[in-house]
Amino acid sequence: MIPYSRQKIFKEDIKEVVRVLNSDFLTKGKKTLEFEKNLSKKVNVKFAIACNSGSSALLLACRALSLKKNDIVWTVPNTYAASANCAIECGAKVDFVDINPKTWNISVNQLEKKLKISKLKNKLPKILVLVHLAGMPCQLEKIYRLSKKYKFKIIEDASHAIGASYKNSPIGSCKWSDLTVFSFHPVKIITSAEGGAITTNNKKLSDKIKLLRENGIHSIKSKFKNLPYYPNYYEQVDSGFNFRMSEISAALVNSQLKKLNFFVNKRNQIAKTYLKLIKNPKFIFQDNNKDAKSSYHLFVVKLTNQNSNQYLKIFKIFNKNKIFINLHYKALHLNPFFEEMGFKKGQFPISENYSYTAFSIPIFVGLEEKNIKKIISILNNF
């Protein structure tokens, strides 16, 4: 079965992992620090904090921004559960903003409209979790201006978007946001097996995230509140989590980071081939943001017209040809968990239409030319 995405591991990646396995430190060593330094340099940001997953990173980001019970977080419906769960785990309330029918990212018009109404009701969000779907950056500058006007913080959920850029600035530079979160799951552009990272230009936020990542524990002598009475003294000053990245994962992703441009360029080449050769008018593709370069974590195809029989048929045809396609993602508010909160079908029609018409076809380094041609042929003959 050909997957929609998968990791590409090189010999040098394996050598780096083995080197760590033969070392004294499998966690809390120098390799994680090295990766954080290299990542911050790569995306042109002051601080990078590695952790054990993208989901953990989102939760740490919310905690660092002091999200608490009854605060409000907005995100889009067509995203992975973690984009909303991070808020719920802090006791906050979640609401959604519908997407643009062409880019499938957050609709700036819908966002501005909802902000105006919410201000009158005194229900403005504390945080907007901004998802760069499939690796295509949102309209960051416009959204950033709205954040200043309506006084909310921005977390970029860039789980799909390492290697992407907006107005010539790398995603992760936090030029138009407070924090950016990355994921290094095996299906993502680069991998640490499981892992994530947060970037920011704010030292206070960086320090807070590092503290929370270590169960709220620190060993910085200048910050001790009590007198140290043994050599390896430490203090707990907050609640937190063990969300550290292991040295093994850091070694792998640090090696992969060196090849980021190669990975992104290869994905863009495959995407360009799809866009050029898929000619069937039954399908449409994600509009490019003219100010952005996508990293193409996903290549999403969408049926022009919503038809449940046609949608199921396309999955069956690909499955018969041993090609795995998938929906990224079913609108969150259509899940029982959110329906129990009071969300209903019909509230976010563009996201709902996307949920019944969109699917991701394979795109990854190592996808053979013959299989690319086969995928194109299936779609053109549908």
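The values are calculated or read from the model by the stated rules, or taken from the named source; none is laboratory data. The shown structure was predicted, so the numbers you read here are calculated from the model rather than taken from an experiment. With ideal geometry, Cβ positions are generated from the backbone for all residues, glycine too; neighbour counts draw on all protein chains shown.
I'd like to check something: does the stretch 201-212 contain any residue that is within 23 Å of residue 132 (Cβ to Cβ), at pLDDT 95 or above and outside any helix (DSSP H, G or I)? Looking for residues that are within 23 Å of residue 132 (Cβ to Cβ), at pLDDT 95 or above and outside any helix (DSSP H, G or I), one finds at least one in the stretch 201-212, hence yes. Contact map, the stretch 312-334: first residue within 25 Å of residue 346 (Cα to Cα) and assigned by TED's automatic domain parsing to the domain that holds residue 98, second residue assigned to a helix (DSSP H, G or I) and modelled with pLDDT under 95, Cβ cut-off under 8 Å, separation 6 or more or different chains; the map is empty.
Just for the stretch 1-25: of the residues that are aliphatic (A, V, I, L, M) and surrounded by fewer than 14 Cβ atoms within 10 Å (Cβ to Cβ), which one is nearest to residue 185 (Cα to Cα)?
Once the filter is applied, the top-ranked residue is 14.
Checked against (1) of a type outside the set (D, E, K, R); (2) within 28 Å of residue 52 (Cβ to Cβ); (3) part of a loop (DSSP other than H, G, I, E, B), residue 256 passes all but condition (3). Only one entry of 151, 188 meets the criterion of being surrounded by fewer than 21 Cβ atoms within 10 Å (Cβ to Cβ) and at pLDDT 95 or above, and that entry is 151. Taking the conditions (1) within 23 Å of residue 265 (Cβ to Cβ); (2) buried (at least 17 other Cβ atoms within 10 Å of the Cβ); (3) not aliphatic (A, V, I, L, M) in turn, residue 176 satisfies each one other than (1). For the stretch 192-220, taking the residues that are β-branched (Val, Ile, Thr) and in contact with a helix residue (DSSP H, G or I) (Cβ under 8 Å, 6 or more places away or on another chain), the one that is surrounded by the fewest Cβ atoms within 10 Å (Cβ to Cβ) is identified as 217.
Within the stretch 298-309, count every residue that is of a type outside the set (Lys, Arg), in contact with a strand residue (DSSP E or B) (Cβ under 9 Å, 6 or more places away or on another chain) and surrounded by 14 or more Cβ atoms within 10 Å (Cβ to Cβ).
So the first thing to find is which residues in the stretch 298-309 are of a type outside the set (Lys, Arg), and the list is 298-301, 303-309.
Remaining after also requiring in contact with a strand residue (DSSP E or B) (Cβ under 9 Å, 6 or more places away or on another chain): 298-301, 303-304.
The next check asks that each one be surrounded by 14 or more Cβ atoms within 10 Å (Cβ to Cβ); those that pass are 298-301, 303.
Summing the residues that are of a type outside the set (Lys, Arg), in contact with a strand residue (DSSP E or B) (Cβ under 9 Å, 6 or more places away or on another chain) and surrounded by 14 or more Cβ atoms within 10 Å (Cβ to Cβ) in the stretch 298-309 gives 5.
Considering only the stretch 314-341, state which residues are assigned to a helix (DSSP H, G or I) and closer than 15 Å to residue 358 by Cβ. 314, 315, 318, 332, 334 - these are the residues of the stretch 314-341 that are assigned to a helix (DSSP H, G or I) and closer than 15 Å to residue 358 by Cβ.
A single entry from 46, 37, 31 fulfils the requirement of being closer than 21 Å to residue 162 by Cβ, in the same structural domain as residue 244 (by TED's automatic domain parsing) and surrounded by 15 or more Cβ atoms within 10 Å (Cβ to Cβ): 31.
Restricting 161, 197, 134 to residues that are at pLDDT 95 or above, assigned to a helix (DSSP H, G or I) and under 30 Å from residue 255 (Cβ atoms) narrows the list to 134.
Quickly run through the stretch 46-76 and pick out the residues that are part of a helix (DSSP H, G or I) and over 25 Å from residue 333 (Cα atoms).
Within the stretch 46-76, the subset part of a helix (DSSP H, G or I) is 54-64.
If the condition is that a residue be part of a helix (DSSP H, G or I) and over 25 Å from residue 333 (Cα atoms), then 64 is the only one that fits.
Please go through the stretch 49-91 and give me each residue that is surrounded by fewer than 22 Cβ atoms within 10 Å (Cβ to Cβ) and either touching a Cys at 6+ places or on another chain (Cβ under 7 Å) or among the charged types (D, E, K, R) (or both), ordered by number. Answer for the stretch 49-91, where residues must be surrounded by fewer than 22 Cβ atoms within 10 Å (Cβ to Cβ) and either touching a Cys at 6+ places or on another chain (Cβ under 7 Å) or among the charged types (D, E, K, R) (or both): 68, 69, 71, 89, 90.
When the stretch 157-184 is filtered for residues that are among the basic types (Lys, Arg) and without any contact (Cβ under 8 Å) to a residue 60 or more places away in the chain, only 175 remains. Taking residues in the stretch 337-350 that are in the same structural domain as residue 306 (by TED's automatic domain parsing), and partners anywhere that are assigned to a loop (DSSP other than H, G, I, E, B), the pairs with Cβ atoms closer than 6 Å and at least 6 places apart or on different chains are 348/77; 348/98; 350/98; 350/101. Looking at the stretch 61-69, is at least one residue of a type in the set (Lys, Arg) and either free of Cβ contacts under 8 Å to residues at least 12 places away in the same chain or not assigned by TED's automatic domain parsing to the domain that holds residue 215 (or both)? No, that holds for no residue.
If you check residue 129 against the conditions, is it at pLDDT 95 or above and under 26 Å from residue 250 (Cα atoms)? Yes.
Within the stretch 213-230, one or more residues are under 24 Å from residue 130 (Cβ atoms), outside any strand (DSSP E or B) and out of contact with any His (no Cβ under 9 Å at 6 or more places or on another chain).
Restrict the check to the stretch 267-277 and report whether at least one residue is touching a Ser or Thr at 6+ places or on another chain (Cβ under 9 Å), of a type in the set (Lys, Arg) and part of a helix (DSSP H, G or I).
Our first condition is that a residue be touching a Ser or Thr at 6+ places or on another chain (Cβ under 9 Å); within the stretch 267-277, this holds for 267-268, 271.
The next check asks that each one be of a type in the set (Lys, Arg); those that pass are 267.
So of that shortlist, the ones also part of a helix (DSSP H, G or I) come out as 267.
Scanning the stretch 267-277, I find at least one residue that is touching a Ser or Thr at 6+ places or on another chain (Cβ under 9 Å), of a type in the set (Lys, Arg) and part of a helix (DSSP H, G or I), so the answer is yes.
When the criteria are applied in full, residue 358 meets the requirement of being out of contact with any Gly (no Cβ under 7 Å at 6 or more places or on another chain), within 20 Å of residue 5 (Cα to Cα) and crowded, with 19+ Cβ neighbours inside 10 Å.
Do you know which residues across the stretch 97-138 are over 15 Å from the mean Cα position of the chain (by Cα), closer than 23 Å to residue 353 by Cβ, buried (at least 22 other Cβ atoms within 10 Å of the Cβ) and not aliphatic (A, V, I, L, M)? Talk me through it step by step, then tell me what you get.
Of all residues in the stretch 97-138, those over 15 Å from the mean Cα position of the chain (by Cα) come to 97-103, 107-127.
This time we only want the ones that are closer than 23 Å to residue 353 by Cβ, so: 97-103, 107-114, 117.
Restricting the remaining residues to those that are buried (at least 22 other Cβ atoms within 10 Å of the Cβ) gives 97-99, 107, 111.
Answer for the stretch 97-138, where residues must be over 15 Å from the mean Cα position of the chain (by Cα), closer than 23 Å to residue 353 by Cβ, buried (at least 22 other Cβ atoms within 10 Å of the Cβ) and not aliphatic (A, V, I, L, M): 98, 107.
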